[in-house]
Amino acid sequence: MDEYDGATDVGDVDPAVLAARLDDGDPLSSVADRYHVPGDVLYMDGNSLGPASDAALASLDRVIEEWRELLIGGWTDADPPWFTMGERLGDALAPLVGADPEEVVVGNSITVNIHTLVGTFLDELLAGNGPEREGLPAADGTWVGDGTQAADGDPETDPAVLVNELDFPSDHYAIRAQLRQRGIDPDEKLRVVPSRDGRTIDPRDIEAALDAHDDIGIVWMPTALYRSGQLFDVARITEAAHEAGAYAGFDAAHSVGTVPHEFGEADVDFAVWCTYKYLNAGPGSIGALYVAERHHGLTPALAGWWGHEKDTQFEMNMEYTPADSAGAWQIGTPPLFAAAPLEGSIELLREAGIDRLRAKSLALTDFLIALVDERLPEVSVGTPREHAARGGHVALEHPDAERLSAALTDRGVVVDFRPPNVVRVCPAAPYTSFADVLEVVDEIAAILDSGAHEQYATSGGGVT
Ligand SMILES: Cc1ncc(COP(=O)(O)O)c(C=O)c1O
């Protein structure tokens, strides 16, 4: 992991020479050719939507061809059969998050998976159960009923969910809805850890919230913040949650595929992520989830036939028997064309190796940060500088971030704007060179020096 140690220090070296040297020594340079990024584009938005690769398109084409040739027979006769696509892709993803194969499945979307998983674990808490751990088999039980008790709307006894102020909004919408559906007032029980600086969450504030409130039943945190890119210590948060008698769940959208995880070793209870960002499976591609083996067998809050025990799914019993794996949290028929590209794209990432990808990603963001420090005094870096607290992108802060982002995009530098003042720049390791990073900084410098961004209007909306 430290093959790049010190290699990106700009110092007295000409950055172009440094970039060329780093690119020459890049063990992943051949991987880049397998992604489709138009020659006139500097693509720095893989944290929103990863590009197509030959491998992803090939696995998608194969499934399209199977549909053409096999029709309904594809569910059983395709090679491999479509019927177990969710489980199979889960197996392939498991090493990227440090899980056993049966702990990961693909299905639904992030938001749907938050609904079903947070709902499931709220139901467990309301039934008087909690995270099982040595010497303390259940949560401390302020909300323990007789196993049949529904929430009584009593703020003393209802479980709370701990989130943070900088979360992706959809997470809060879904969790609030799940609380409401159980008669729990989200204004009381969605406990929000504040940010001290508007960019990051201090993990000590998560621990302080757990100390201050004994009703927290679920700690729900991102592995990395979507705006600043702050990366969290998943093991530390999980340990704090468990010590407080709470489950630990994570939104890992901004790290899976660029940061290696060890969910099993960290004892994480459950997690969700998407496959359209760093996993490069295409727009709206299928979601993924992790449920620790010790929770298999629970009845998902959003049950559906695709989560039924596989061997008897087609017996069409009215009685629902959940699969004894994370597969139980699938709901309905998986969208095959939104899942198929993932097969090829994971293969490509596994070929590259997640540790090599992480090492290169850190070197790319180190180089970017060093260049910004050196050449862009009016831009601040909103992403933590310590490697352990940095995900795959860098948040560049500028008062005119929206117009800067528009000017960059017009010049073929695809970044995105996140209100109020952030341009996110993601030099994704599989397909970005150090020369690309230098070019991005050159473009920003040219725009700011000339004031070219000032001709753009601010929009206040739209997909960026
Ligand atoms: C961190 C995070 N959480 C949740 C979501 C919502 O995901 P989905 O639209 O797939 O449900 C996103 C989408 O970009 C995200 O970045």
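The test for being assigned by TED's automatic domain parsing to the domain that holds V394, buried (at least 19 other Cβ atoms within 10 Å of the Cβ) and at pLDDT 95 or above does not hold for L42. Might you check whether a residue that is within 21 Å of the chain's Cα centre (by Cα) and more than 16 Å from the ligand (Cβ to nearest atom) occurs anywhere in region 59-81? No: zero hits.
Can you name every one of the strands (runs of 3 or more DSSP E) wholly within region 354-464 that holds 1 or more residues which are within 27 Å of V17 (Cα to Cα)? Break it down stepwise before answering.
Details: elements: 394-397, 416-418, 422-425.
Hits in region 354-464: 394-397, 422-425.
For region 402-449, a residue qualifies if it is surrounded by 24 or more Cβ atoms within 10 Å (Cβ to Cβ) and among the aromatic types (F, W, Y), and exactly one does: F434. Scanning region 159-175 for residues that are away from the ligand (no atom under 14 Å from the Cβ) and assigned to a helix (DSSP H, G or I) returns no hits.
Could you list, in sequence order, all residues of region 7-43 that are in contact (Cβ under 8 Å) with a residue 24 or more places away in the chain and under 21 Å from G282 (Cα atoms)?
Start the filter on region 7-43 by keeping residues that are in contact (Cβ under 8 Å) with a residue 24 or more places away in the chain, which leaves 7-10, 15-16, 18-20, 22-23, 26-29, 31-32, 34-35, 37, 40-43.
V31, A32, R34, Y35, V37, D40, V41, L42, Y43 - these are the residues of region 7-43 that are in contact (Cβ under 8 Å) with a residue 24 or more places away in the chain and under 21 Å from G282 (Cα atoms).
In the set (1) crowded, with 20+ Cβ neighbours inside 10 Å; (2) modelled with pLDDT of 95 or more; (3) away from the ligand (no atom under 16 Å from the Cβ), the condition left unmet by P131 is number (2). Being more than 12 Å from the ligand (Cβ to nearest atom) and modelled with pLDDT of 95 or more is true of V259.
Looking only at residues in region 279-299 that are within 11 Å of the ligand (Cβ to nearest atom) and not aliphatic (A, V, I, L, M), which one is nearest to A235 (Cα to Cα)? Ranking the candidates gives G287 first. Taking region 227-245 as the range and being within 16 Å of the ligand (Cβ to nearest atom) and of a type in the set (V, I, T) as the test, the residues that pass are V234, I237.
Checked against (1) surrounded by 22 or more Cβ atoms within 10 Å (Cβ to Cβ); (2) out of contact with any helix residue (DSSP H, G or I) (no Cβ under 8 Å at 6 or more places or on another chain); (3) more than 30 Å from A235 (Cα to Cα), G382 meets all criteria but (3).
Within region 86-122, work out how many residues are more than 13 Å from the ligand (Cβ to nearest atom), outside any helix (DSSP H, G or I) and surrounded by fewer than 21 Cβ atoms within 10 Å (Cβ to Cβ).
First, pick out the residues of region 86-122 that are more than 13 Å from the ligand (Cβ to nearest atom): 86-105, 119-122.
Still in the list and also outside any helix (DSSP H, G or I): 98-100, 104-105.
Among the residues that remain, those that are also surrounded by fewer than 21 Cβ atoms within 10 Å (Cβ to Cβ) are: 98, 100.
The qualifying residues number 2.
Please work out if T275 is under 12 Å from the mean Cα position of the chain (by Cα) and among the β-branched types (V, I, T). Full working, then the answer.
Working: under 12 Å from the mean Cα position of the chain (by Cα): yes; among the β-branched types (V, I, T): yes.
Yes.
Residue selection: E319 fails the criterion of being among the acidic types (D, E), within 27 Å of A224 (Cα to Cα) and more than 14 Å from the ligand (Cβ to nearest atom). Among the residues of region 262-277, those identified as crowded, with 24+ Cβ neighbours inside 10 Å and either more than 11 Å from the ligand (Cβ to nearest atom) or not in a loop (DSSP other than H, G, I, E, B) (or both) are F263, V268, D269, F270, A271, V272, W273.
Looking at region 323-341, can you tell me whether even one residue there is surrounded by fewer than 20 Cβ atoms within 10 Å (Cβ to Cβ), at pLDDT 95 or above and either part of a helix (DSSP H, G or I) or not assigned by TED's automatic domain parsing to the domain that holds F168 (or both)?
Initial filter on region 323-341 (surrounded by fewer than 20 Cβ atoms within 10 Å (Cβ to Cβ)): 324, 331-333, 335-337.
Checking which are at pLDDT 95 or above leaves us with 324, 331-333, 335-337.
Of the ones still in play, those that are also either part of a helix (DSSP H, G or I) or not assigned by TED's automatic domain parsing to the domain that holds F168 (or both) are 336-337.
Checked against the condition, which is being surrounded by fewer than 20 Cβ atoms within 10 Å (Cβ to Cβ), at pLDDT 95 or above and either part of a helix (DSSP H, G or I) or not assigned by TED's automatic domain parsing to the domain that holds F168 (or both), region 323-341 yields at least one hit.
State whether one or more residues within region 212-226 are without any contact (Cβ under 8 Å) to a residue 24 or more places away in the chain, away from the ligand (no atom under 14 Å from the Cβ) and over 13 Å from the mean Cα position of the chain (by Cα). Before the answer, list the steps.
Initial filter on region 212-226 (without any contact (Cβ under 8 Å) to a residue 24 or more places away in the chain): 212.
Pick out the ones that are also away from the ligand (no atom under 14 Å from the Cβ) and you get 212.
Restricting the remaining residues to those that are over 13 Å from the mean Cα position of the chain (by Cα) gives 212.
Yes, there is a match, as at least one residue in region 212-226 is without any contact (Cβ under 8 Å) to a residue 24 or more places away in the chain, away from the ligand (no atom under 14 Å from the Cβ) and over 13 Å from the mean Cα position of the chain (by Cα).
The values are calculated or read from the model by the stated rules, or taken from the named source; none is laboratory data. Fair warning: this is a prediction, and the values are worked out from it, not measured in the lab. Neighbour counts are summed over all protein chains in view; Cβ atoms, including those assigned to glycine, are modelled from backbone coordinates with ideal geometry.
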